[in-house]
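*Asks:* Right, I'll just put the structure down here and ask away after.
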Amino acid sequence: MATFNHKHIIGLQDFSKEDLELLISTAESMREINNRLIKKVPTLRGKTIINLFYEASTRTRTSFEIAAKRLSADAVNITPSISSATKGETLSDTARNLLAMKPDIIVMRHAVSGAHNFLITKVNCAVVNAGDGAHEHPSQGLLDLLTIKDKFGKLDGLKVAIVGDVTHSRVARSDIFALTKMGSHVYLAGPPTMMPPKVENLGNVAVASSMKEAIQDADVVIMLRIQQERQGKTLMPNTREYSRYFGLNPENLKLAKPDAVVMHPGPINRGVEMSSYVADGDQSHVMKQVENGVAVRMAMLYHVSGGGETE
């Protein structure tokens, strides 16, 4: 049986195909727990997990908390806006103080890319990246893999279109690293101002000349949120113009395969990245992504804790 030989989960770029397969397989087994009448197992009883979120979050933070509690860990949530961070405390000092409380795992979201690489030099517990700047969002990448596999039973050979603000999207990076390692064919599309230079260096990806080219005969269409909080300046004329060329609607969705699935990491800017008809339509797997997020984060916490029995 494969073993997980990583103390931390900072980014999917660091993982092999076998690592990804193990995490997805574990998440698949964790779903059985989520479907029980009593949704709890003693796997991480006695473990303390701190959720340290320097950025706003609904899905990721909530599902990490639920994942910890379903594995019987003690979950503590810290919001820096009401913590000593507002008084000028540095990440280094916050880390030292948390370490003194003997946590087993710190799950952190931070606005600065690479913040987790700094954190692991300050603590001796496991660290899980819940999103750092425009770097990576590993749990989202893993739940996207699981959602796609649920639909098609495989990842190898599928055409996956990723459309939108690729430059500022940590989701796009984690998806690219993971999907290409699993054998998917990834096509990117977005405004030139939102496409990073030398994006091909992220993996074996193709940059489409238009959104239509990217989603033509696609098995999966992943729409990205416009990261206005990271752009620093306006990179598009207006949202109406963006929606016209890079928004997903019932008409251009017909270019994809008839059984194609539509995904989005959320939150959705309805009428911009995709129409409500598509977001709520039969091909939308957005809610399936959210559901899978709990199981994936249970798997992540399970493995960085050293593993154990789930029964």
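*Asks:* Using 7 Å Cα-to-Cβ label points, what is the LYS212/VAL76 separation (nm, one decimal)?
*Replies:* 5.7 nm
*Asks:* With a 10 Å cut-off between alpha carbons and a GNM built on the chain, which of GLU273, GLU28, GLU251 moves the most?
*Replies:* Its mean-square fluctuation being the largest, the pick is GLU251.
*Asks:* Could you state the principal axis extents of the C-alpha atoms in the range 138-285, from the largest down, to the nearest angstrom?
*Replies:* 40, 34, 27
*Asks:* Under a crude label model (7 Å from the Cα following the beta-carbon direction), how far is ASP259 from MET287 in nanometres?
*Replies:* 2.2 nm
*Asks:* Starting from the amide H of LEU248, placed 1.01 Å from N in the peptide plane, find each other amide H under 5 Å away whose residue is 5 or more places distant or on another chain.
*Replies:* Amide H to amide H, under 5 Å and 5 or more residues apart or across chains, LEU248 pairs with MET274, SER275.
*Asks:* Taking springs between alpha-carbon atoms closer than 10 angstrom, which of ALA295, ALA260, ALA100 fluctuates most in the Gaussian network model of the chain?
*Replies:* ALA100
*Asks:* Evaluate E = 1/(1 + (r/R0)^6) for SER92 and ASN201, where r is the Cβ-Cβ distance and R0 equals 35 Å; express this FRET efficiency to the nearest 0.05.
*Replies:* The formula returns an efficiency of 0.65 here.
*Asks:* All other residues with a Cβ under 15 Å from the Cβ of VAL286 taken together, and with Lys, Arg as +1 and Asp, Glu as -1, what is their net charge?
*Replies:* Value of the local net charge: -2.
*Asks:* For a quick check: with amide H placed at 1.01 Å from N, whose amide H comes under 5 Å from ALA111's, ignoring anything fewer than 5 positions away on the same chain?
*Replies:* GLY133
*Asks:* Given springs between every Cα pair under 10 Å in a Gaussian network model of the chain, which of SER209, SER139, SER184 has the largest fluctuation?
*Replies:* Highest fluctuation among the options: SER209.
*Asks:* Evaluate the distance, in nm, between pseudo-label points positioned 7 Å from the Cα of MET101 and of ASN124 along their respective Cα→Cβ axes.
*Replies:* Simple spin-label model gives 1.9 nm for this pair.
*Asks:* Just from its helices, what would the mean residue ellipticity at 222 nm be for the chain, if runs of 4 or more DSSP H residues each count -39500 (n - 2.57) and the sum is divided by every residue, rounded to the nearest 500 deg cm²/dmol?
*Replies:* My calculation for the chain gives -10500 deg cm²/dmol from helical runs alone.
*Asks:* Okay, moving on. How much of the accessible area of the range 1-146, probe 1.4 Å, is carbon plus sulfur, in whole percent?
*Replies:* Solvent-exposed carbon and sulfur of the range 1-146 make up 51 percent of the total.
*Asks:* Further question on the same structure: Can you figure out the FRET efficiency of SER276 with ASP150, using R₀ = 30 Å and their beta-carbon distance, to the nearest 0.05?
*Replies:* The pair SER276/ASP150 has a calculated efficiency of 0.80.
*Asks:* Enumerate the residues in the range 146-172 having an amide nitrogen under 13 Å from the point lying 7 Å beyond the Cα of ASN238 toward its Cβ.
*Replies:* none
*Asks:* Where does the chain land on Rg/Rh, using Cα atoms and the Kirkwood Rh?
*Replies:* Rg/Rh for the chain comes to 0.96.
*Asks:* Could you work out the longest stretch of the chain that avoids the trypsin sites (Lys or Arg not before Pro) located in DSSP loops with at most 14 other Cβ atoms within 10 Å?
*Replies:* Longest site-free region, per DSSP loop and neighbour criteria: 46-153.
*Asks:* Can you give me the span-like helices of the chain, meaning DSSP H runs with 24 Å or more of Cα extent along the axis and Kyte-Doolittle mean at or above 0.5?
*Replies:* Answer set is 286-304.
The values are calculated or read from the model by the stated rules, or taken from the named source; none is laboratory data. A quick note: this is a predicted structure, and the numbers were derived from the prediction, not measured. Note that we place each Cβ from the backbone using ideal geometry, even for glycine, and neighbour counts take in every protein chain shown. Heads up: the accessible areas ignore ligands, DNA and RNA and are worked out on the full protein's heavy atoms, side chains in. Shrake-Rupley method; radii C 1.70, N 1.55, O 1.52, S 1.80 Å.
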